[in-house]
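The structure appears below as structure tokens.
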Ligand SMILES: Nc1ncnc2c1ncn2[C@@H]1O[C@H](COP(=O)(O)OP(=O)(O)O)[C@@H](O)[C@H]1O
Ligand SMILES: [Mg+2]
């Protein structure tokens, strides 16, 4: 079947939840933010947890829902790791934005009297830059709320984290990935058999961005009807058969066989780190049945 025509839009953007209530599996933060939408009270926020679990989507959704399209630009400042966020930017751009007085709201949106500064991938900011934020946060807390987003909370300095309501985003469960992936397949006219769906869950490891990116990549390359093998090849994961035959060769105890298996793997050009992690996983999970 012909590959699906490439479109410029990334599906991770196209299928981002637009509203906080559409963020799945992160009930605690959804509840807090739903309250904030009703009351207009919002604490400083810290979202942390593994990639592809909804942190950025949640921050963008609450900001859009609070201010609507018209006020968004003047009330929300989004900065991520690709923006310069060194100490000078903290002292100038962030401080200037924080210092501006808030104007009137617009009808149809809560428009509470503060601005939001989203610092995505905040764990990549230097400690100096983070320290410089302390003052800004203190001085302008009446008219500004910060939303820090990171993978590793331990990389954010305590004076910042202690001012925030902290929410840990959990890896998504297989059934949640599946239902979202099936929804996207319906929207995009793809068919994915159940084996392919299981494989996609497996290789995505609870990361929805990865699941959606692999799906789009596979659709571009292989067309609208996708098999488990298509997903495996796009994900860079090595097929289980390869891993098992390698382990079997090692278990014969014959050096020549093991060496040949290694040579075959090198010839295929599989990434070493990927092979090693899968070999570890496979030998660990089957160790109960094997005697070494
Ligand atoms: N909890 C979730 N609920 C719904 N969609 C999600 C969720 N987590 C991730 N996604 C999807 O995965 C993609 C990446 O999400 P994102 O919010 O950027 O993740 P993070 O910032 O945690 O790395 C988005 O397209 C979004 O649609
Ligand atoms: Mg993110």
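FYI, it's all coordinate maths here, none of it is from the lab. Predicted, not measured: the structure shown is a model, and the values here were computed from it. When we count neighbours, we look across all protein chains shown, and the Cβ atoms used for this are built from the backbone with ideal geometry, even at glycine.
Over segment 240-289, all Cα pairs binned in 10 Å intervals from 0 give whole-percent P(r) values of 26, 58, 16, 0, listed from short to long.
All Cα-Cα separations within the chain were binned at 10 Å from zero, giving a P(r) of 6, 23, 25, 21, 15, 7, 2, 0, each value a whole percent of the pairs. Between the helical axis of 240-251 and the longest alpha-carbon principal axis of the chain there is an angle of about 60 degrees. Helix 27-39 axis versus longest C-alpha principal axis of the chain: approximately 20°, rounded to the nearest ten. Take each peptide in 22-33, 241-252, 214-225, count the other Cβ atoms within 10 Å of every residue, and average; sorted highest first, the result is 214-225, 22-33, 241-252.
Pairs of Cα atoms nearer than 8 Å and 6+ residues apart set the relative contact order; for the chain it is 22 percent.
Taking a quarter of the surface of the Cα convex hull of segment 172-240 gives a mean projected area of 3.9 nm². The angle separating the long axis of helix 127-139 from the principal Cα axis of greatest extent in the chain is about 30 degrees. For the pair segment 101-125 and segment 57-80, the centres of their Cα atoms are 6 angstrom apart.
Would you look at the GNM of the chain, springs on alpha carbons closer than 10 Å, and say which of 15, 72, 281 moves the most? Of the options given, 281 has the highest mean-square fluctuation. Gap in Å between the Cα centre of segment 143-210 and the Cα centre of segment 236-258? With segment 236-258 and segment 143-210 each reduced to a Cα centre, they are spaced 33 Å. Assuming a ≥ b ≥ c are the square roots of the Cα gyration tensor eigenvalues, decide whether segment 24-159 counts as rounded (a/c under 1.5), prolate (otherwise, with a/b larger than b/c) or oblate. It comes out oblate by the Cα gyration axes.
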